[in-house]
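*Asks:* Take a look at this one; I'll ask things after.
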Amino acid sequence: MLNGLQPWHLIILVLVVVLLFGAKRLPDAARSIGKSMKIFKAETKDMRGEEKPAEKAEDAETKALPASQQQAKNADQQVADLQRQLDELKKQQSTTPADPQKNAS
């Protein structure tokens, strides 16, 4: 008598869910459940003490460097970021046509 879920049981279940929640709200609900599961999974990994290999390598690297070298590394990163932003602005400026009326005002 109890043979488990049969295909028609699943069809009825899906119809009931669609009728209760509406077809428009189901994708949003599924998306939010997926995000919640992802967060839950990440938190359980953190509780176990598991880390990604990249994070372990960064931690070991920052522990090995003295504070002055870490500051120099951060400063170098900031300089590289600023240089990249400057290059992007120069590209934008060279691709836009020079409008003498805009420069006059």
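*Asks:* Report the label-to-label distance for Ser94 and Asn3 in nanometres (one decimal), using points 7 Å from each Cα along the Cα→Cβ vector.
*Replies:* In this crude label model, Ser94 to Asn3 measures out at 7.3 nm.
*Asks:* Within a 10 angstrom radius of the beta carbon, how do Thr95, Thr44 rank from fewest other beta carbons to most?
*Replies:* Thr95, Thr44
*Asks:* Provide Rg over Rh for the range 8-49; use the alpha carbon set for both Rg and the Kirkwood Rh (inverse mean inverse pair distance).
*Replies:* With Rg and the Kirkwood Rh in hand, the quotient comes to 1.23.
*Asks:* Sticking with this structure for a sec: For Gln71 and Met47 in the same chain, what is the full-extension length gain: residue separation times 0.36 nm, less their Cα-Cα distance, in nm?
*Replies:* Numbers: separation 24, 0.36 × 24 = 8.64 nm, distance 3.06 nm.
Stretched out fully, the Gln71 to Met47 stretch lengthens by 5.6 nm.
Readers should treat all values here as calculations from the given coordinates under stated rules, not as data from a laboratory. For clarity, every value in this text was computed on a predicted model and none was experimentally measured. Positions of Cβ are generated from backbone atoms using ideal geometry, with glycine treated the same way; all protein chains shown enter the neighbour counts.
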